[in-house]
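Quick note: the coordinates plus some simple rules give every number you see, no bench work behind them. This structure is a prediction, so every number in the text was calculated from the model and none was measured.
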Amino acid sequence: MMAQVLSISNRASQASRSLIAYKQMCRNEGVRVLERGLNFRLNPSYSVLLLSSRPRALYENRISPDGKTIECEGHDIRKNILQLNPKAYDQTRTLKCGRLTQNGLFAEAAEAYMAGKRDAELVRVYEKHASGLWHTKGYFRLTGYSYIKSGARRVFRFRLEKMRRRGIRPTRPSTLLGYCQRRGGKNIQESDAGMDSAGQVGRC
């Protein structure tokens, strides 16, 4: 009984230590705003995933009980006057001009890994805890994906596995700032935590 109590206490303590404020999360990644769920190579050495597994989340994400595996859903198309309900449309890999969406970038990286052409993409994961609060989940490897039927449409589902290797050294925010400026801006904006966007990369 005492061992169980200590185990529960340790888990609670670890969860508390992993909680950070939204602004701190943005500072970690060297951006002013970070709201899109899938962020391919937001940092020069890794990608970033923001997710929610809460009951009313707009996307279906699953975290295994041991926290070692994540399955996350891709981005919906962008809502506009002609497409008032993004949930009625297939999630897309490319824009009409052929440019890859965030779905496409993550899928391409997963395909290259599965084909043995590259190491698995490193992904830093944050999970929404409450308004303005996020859990740092650590680093995961993007090991696969599927494009499956979900009701009347098709969606991307990405698989990530917990990274055990220590000694990962992310690019510092001061260096990252210059990287973001070279990409054309410092704000990574969509809607809430990868929960409502097309994940577009630039514009056609």
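Details
- Calculated from backbone phi, Karplus (6.51, -1.76, 1.60) coupling profile of segment 148-158 in Hz, x at Gly/Pro: 10, 6, 9, x, 8, 9, 10, 9, 8, 10, 9
- For Lys137, the residues whose modelled amide H falls within less than 5 Å of its own, excluding neighbours fewer than 5 places apart on the same chain, are Val125, Tyr126, Glu127.
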